[in-house]
1. Can you pull out every residue in the stretch 61-79 that is surrounded by 15 or more Cβ atoms within 10 Å (Cβ to Cβ) and in contact with a strand residue (DSSP E or B) (Cβ under 7 Å, 6 or more places away or on another chain)?
2. Taking helices (runs of 4 or more DSSP H) that fall entirely within the stretch 163-235, which contain at least 2 residues that are closer than 25 Å to Leu271 by Cα, assigned by TED's automatic domain parsing to the domain that holds Met127 and modelled with pLDDT under 95?
3. Does the stretch 221-250 hold any residues that are acidic (Asp, Glu) and over 18 Å from Phe274 (Cβ atoms), and which are they?
4. Limited to the stretch 141-161, what total is found for residues that are in a helix (DSSP H, G or I) and either in contact (Cβ under 8 Å) with a residue 40 or more places away in the chain or more than 17 Å from Tyr101 (Cβ to Cβ) (or both)?
5. Restricting attention to the stretch 149-180, which residues are more than 22 Å from Thr272 (Cβ to Cβ) and in contact with an Asp or Glu (Cβ under 9 Å, 6 or more places away or on another chain)?
6. Can you pull out every residue in the stretch 45-59 that is modelled with pLDDT of 95 or more and not in a strand (DSSP E or B)?
7. Quick test of your reading of the structure: Asn82 fulfils all but one of (1) of a type outside the set (Gly, Ala, Ser); (2) closer than 24 Å to Ser171 by Cα; (3) loosely packed, with under 15 Cβ neighbours inside 10 Å. Name the failing condition by number.
8. Restricting attention to the stretch 124-140, which residues are assigned to a loop (DSSP other than H, G, I, E, B) and either outside the structural domain of Met105 (by TED's automatic domain parsing) or among the acidic types (Asp, Glu) (or both)?
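The values are calculated or read from the model by the stated rules, or taken from the named source; none is laboratory data. A quick note: this is a predicted structure, and the numbers were derived from the prediction, not measured. No Cβ is skipped: glycine too gets one built from the backbone with ideal geometry, and neighbour counts run over all protein chains shown.
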Amino acid sequence: MYPESRQSAGFFFLLIFERMNTTGARIRRALIVLIIVYCVGGLTLYFVQDLILFHPKPLARNYQFKFEQSFEETDIQYGKYNLSLVKFRSQKKRNGIVLFYHGNMENVEHYKKYPQIFLGNNYDVWMIDYPGFGKTTGKRSESIMDDQAMLMYDMALQQSSADSIVIYGKSIGTGVAAFVASKKKCRRLILETPYYSIRSLARHYLPVYPVSWMVKYSFSINGYLKDVKSPITIFHGTRDEVIPYSHSMRLKRENKKIELISIENGKHNDLTNFNLYHTTLDGLLQH
């Protein structure tokens, strides 16, 4: 090979080497940025997960609830904090008490369409607010929510037999309701739009993160239901945009005694608009 050719070839390979180095540096920089974003995103999610899961609306102690039905407020001392309980009483002979554990929005007033459903079936309705919601004060955690939920059950048991108590959970409250039913006897457990577990739901939305380590809340409904001795009914819409319908299907597959009522085209917050919901629920409460 002539000297000029050797020089040209050497220059050519030098260019390729430099470009490879440049490309490698860009890839390394991109990977570093990606790792930083991933870590910052994970840390942010860890520290703000309460803001993602819960959307409370605190109320002043002197606030007057606005319900169409007559009701009674009870303030329960819980350590140095306050637990707010609202009771609706049936105007006819009472068939029992429905313990209603609501979702993650605002406070009991946000769920004011529900009392009449149960009152119409001659059940009293009891509803508590979680810490930070409504007039309930104090720090919120899974263990505290479970403990306060059990407290409402124990109070109801002083006024009604266990086989006259219906435990009802809505959305985030399905985890609380399932926990209580796994520990206590009841006439029936009814879950509206439940999740398999909070960690399973988190994996649905954040598949790239190790959510089992990150999520502070568990509410493992799948585990609770194995210990529930009472009949279990689930209502879930097939087009639920918050908690996928597949979560209820999975619960049903793992527990054959579950009755799954699938609301065709139902979403997360509109199941009460469907006749199937009302006719099925009325039947459950009357038998």
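1. Answer for the stretch 61-79, where residues must be surrounded by 15 or more Cβ atoms within 10 Å (Cβ to Cβ) and in contact with a strand residue (DSSP E or B) (Cβ under 7 Å, 6 or more places away or on another chain): Phe65, Phe71, Ile76.
2. Numbers: elements: 173-183, 198-205, 211-214, 221-225.
By residue number, 198-205.
3. Taking the stretch 221-250 first, the residues acidic (Asp, Glu) are 227, 240-241.
Answer for the stretch 221-250, where residues must be acidic (Asp, Glu) and over 18 Å from Phe274 (Cβ atoms): just Asp227.
4. From the stretch 141-161, those in a helix (DSSP H, G or I) are 142-157; that's our starting set.
Among the residues that remain, those that are also either in contact (Cβ under 8 Å) with a residue 40 or more places away in the chain or more than 17 Å from Tyr101 (Cβ to Cβ) (or both) are: 142, 148-149, 151-153, 155-156.
Number satisfying all stated conditions: 8.
5. Ala156, Gln159, Ser160, Phe179, Val180
6. Lys57, Leu59
7. The single condition Asn82 does not satisfy is (3).
8. Filtering the stretch 124-140 down to residues assigned to a loop (DSSP other than H, G, I, E, B) leaves 129-133, 135-140.
Passing the criteria: only Asp129.
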